[in-house]
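Below is one structure, written out as structure tokens, with a few remarks after it.
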Amino acid sequence: MNQKHADKPAKPPKVKAPKLFKEPKPKQPPPKPLSREERIARNRAKKLRQGQEAIASLVAHWPPLFSLEQPKPLKIGIAADILDDIKARELDLTRAKASAALMFYTQTLAYQQAVHAGGSRFDLGGQPCGEVTEEQQAYALKQLEKWRTAPEDTASSP
């Protein structure tokens, strides 16, 4: 033994306090599974919310071109221009999000009505760049008629 510590009495070993028994929480029954209609409605609402958020990012980054109130027909090949602009301006928008946003935007009722009306197509700066063809107008009309004749619950999705 070390002389320095010889005068001190030995400490009793530490005793751990016994663990208190915790009563288990009563188990809650698992949530009731959603019906098919409820799942469809939930997914439709989620897609609509995601689409609105995606379109808002387009409106925020390119206000001369994108508008929810008065959409303009987009230039053919606008996706490549948007991706180039994202890289050039170092925007926090991924290729996938930009593509999804364009898809949501071009599938809105207001956009299809704008294409059906015809006229000029527009570039990122909001400047005229090409014309809507008769075939494109006919396709837009076909989409509009399809949405008008669709059942009520699917007509609200675009």
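The values are calculated or read from the model by the stated rules, or taken from the named source; none is laboratory data. The model shown is predicted, which means the values in this text are computed figures rather than measured ones. Counting neighbours? That spans all protein chains shown, and the Cβs are built from the backbone with ideal geometry, glycine included. Ligands, DNA and RNA are excluded from the accessible area calculation, which covers all protein heavy atoms including side chains. Shrake-Rupley method; radii C 1.70, N 1.55, O 1.52, S 1.80 Å.
Here are a few things to note about the model shown:
- Meets criteria (touching a Phe, Trp or Tyr at 6+ places or on another chain (Cβ under 9 Å) and surrounded by fewer than 12 Cβ atoms within 10 Å (Cβ to Cβ)) for residue 96: no
- Test: residue in the range 118-140 that is touching a Phe, Trp or Tyr at 6+ places or on another chain (Cβ under 9 Å), touching a residue at least 40 places away in the same chain (Cβ under 8 Å) and assigned to a helix (DSSP H, G or I): no
- In the range 104-135, the residues that are surrounded by fewer than 18 Cβ atoms within 10 Å (Cβ to Cβ) and in contact with a helix residue (DSSP H, G or I) (Cβ under 6 Å, 6 or more places away or on another chain): 118
- Residue within the range 23-36 that is open to solvent by 100 Å² or more (accessible area, probe 1.4 Å) and outside any loop (DSSP other than H, G, I, E, B) present: yes
- The range 76-93, subset assigned to a loop (DSSP other than H, G, I, E, B) and either open to solvent by 80 Å² or more (accessible area, probe 1.4 Å) or in contact with a Gly (Cβ under 6 Å, 6 or more places away or on another chain) (or both), residue nearest to residue 50 (Cα to Cα): 92
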